[in-house]
Amino acid sequence: MGKENQDEWIVKCPKCGRIRESCRHVSRDDVRRILRLLDAGVEVYQADDDREPPESHVHEPPRPVAQAVQPRFTLKDIVLAETTREGLLDALTELRHKGLMYRRWGLKKVLKKTKGLTLLFAGPPGTGKTMAAEAIASELGRPLHVVNYAQLENMWVGETEKNIEHVFHTALDAGAVLFFDEADAVFQRRSYMATPWMNRDVNVLLAQMENYPGVVVLATNLAKVMDRALDRRIDIAVEFPMPDAPMRRMIYEHLVPKEAPLAKGVDFESLAQKYALSGGSILNVVRQAMRTSLRRGKRHRITMEDFIRAADREVKKSLLTSADHLQAPPRRERIGGYA
Ligand SMILES: Nc1ncnc2c1ncn2[C@@H]1O[C@H](COP(=O)(O)OP(=O)(O)OP(=O)(O)O)[C@@H](O)[C@H]1O
Ligand SMILES: [Mg+2]
C-alpha cells in the first residue's frame, strides 16, 4: 500500500469487525499506532491457528443489507443543467483529491478527522437523480449500495441500531457509494412522524452519517419534508430541475438509439418545444413510439406521428396518475357533453 492511499486504509477489529475510528477492543490511539506502523512499511501477521473467530460471526442474526448495484451510467449519459453539473463536478473533485485537501492542505488538522462526503440530490421524478448516483459511483470506479425505504423498514425490525450500522460498515468495506433512494420517506422531519420510536431511528441514521468517512448520496422528490437536522450534514446539495426545451431536445437525442429506424420528418426540436416532460417521461415516449410503429410491422419506420401520439399519451398519463381516485366521482351532469 502506498502512502498516497492512506485515506483508503481500513483498520478492522478481529473481534467485532468495527473499522477505522475505534471500538470496544481497539482504541483510537491503537488505530493511529497501526496506521503509523503501516506507514513505516511494517507488515503484521497472525498465525492461522491463533486467530479467534470474529465475534460478529458468532450467534449474529443475518442482517438486512443494501442492494449492491453495478453502475451502468457515466456523466456523459446524462443531460444536465449547468448548476447540476457544477454540483456533481465539485463532489467528484473533492473525492478525487481528498488526500491532497486533508493532508497536504491541512484540512485534517482543522477537522481532526477525515470527513466523508454527503450529497443531496433533490428534484422531481424522472430528472436523472438515480442515474447521477450511478454516474458518481462509476466515475470513481466504485460499486453503488442502494437503500430504499422498504429495505430500511426491515432494519427497524429487531436490533435497529446494529442493522443500520451494518449497512454503513458493509458499504465502507466494499468502498461503495451508499445511496439512500426516497430519502424523504427515510429522513422525515421528526415533527411529521407518528411514533417516537421512529424518532430514535432517524437519530441513529443521522449519527451514522455524521461519523461515516465514505460517500453518501440522498435522493428526494420532497426535500421540504426532510428533517432539518440533515441540513448540517449535507455537504453538497444538487438540484435536478425539470429539463427546459433545449435540454429536452438533447434528452431525445440521447434516448433515441442511432439504430432506431426513424422516418423522415421526425423532429426532436418541435417535440421538445411542445411537450414539457421529464427525462423519465421522454424515455416512456420513445418506447411507446417504438411499440406503435412495431404494431404496424417490423419494416415500418418510426414516424413523427408515432412520437406525437406517444407524447400526448404521456401527458394524459401524468394527469391520470395525479388524479385522486379515492374522491367521490364527479356528478354525471357536471361532465359537460359526456354525461
Ligand atoms: N437528465 C437526463 N438525461 C438523460 N436521460 C435521463 C435524464 N433524466 C432522466 N433520464 C432517463 O429517465 C430514466 C429515469 O431517470 P432516473 O431514474 O434517474 O430519475 P430519478 O430522478 O431518479 O426519478 P425518481 O425521483 O422517480 O426516482 C433514466 O434511466 C434515463 O433513461
Ligand atoms: Mg430515482
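The values are calculated or read from the model by the stated rules, or taken from the named source; none is laboratory data. Note that the structure is predicted; figures quoted are calculated from it, not measured. Ideal geometry is used to build each Cβ from the backbone, glycine not excepted, and the neighbour counts take in all protein chains shown. Areas reflect the complete protein model, heavy atoms only, side chains present, ligands, DNA and RNA absent. Shrake-Rupley method; radii C 1.70, N 1.55, O 1.52, S 1.80 Å.
Worth pointing out:
- Residue list for region 247-259, filter: within 16 Å of ligand 1 (Cβ to nearest atom) and either in a loop (DSSP other than H, G, I, E, B) or free of Cβ contacts under 8 Å to residues at least 40 places away in the same chain (or both): 248, 249, 252, 253, 255, 256, 257, 258
- So residue 317, is it loosely packed, with under 10 Cβ neighbours inside 10 Å, out of contact with any strand residue (DSSP E or B) (no Cβ under 6 Å at 6 or more places or on another chain) and at pLDDT below 95: no
- Just one of the listed residues (108, 76, 112) is surrounded by 13 or more Cβ atoms within 10 Å (Cβ to Cβ) and either modelled with pLDDT under 80 or out of contact with any Asp or Glu (no Cβ under 8 Å at 6 or more places or on another chain) (or both), namely 108.
- Some residue of region 124-141 being away from ligand 1 (no atom under 15 Å from the Cβ), open to solvent by 60 Å² or more (accessible area, probe 1.4 Å) and out of contact with any Gly (no Cβ under 7 Å at 6 or more places or on another chain): yes
- Scanning region 246-295 for residues that are open to solvent by 30 Å² or more (accessible area, probe 1.4 Å) and among the polar types (S, T, N, Q) turns up 270, 273, 284.
- Verdict on residue 120 being outside any helix (DSSP H, G or I) and within 16 Å of ligand 2 (Cβ to nearest atom): yes
- Some residue of region 151-159 being more than 15 Å from ligand 1 (Cβ to nearest atom), surrounded by 22 or more Cβ atoms within 10 Å (Cβ to Cβ) and at pLDDT 85 or above: no
- One residue stands out in region 260-303 among those that are in a loop (DSSP other than H, G, I, E, B) and polar (S, T, N, Q): the one that is farthest from residue 249 (Cα to Cα), namely 303.
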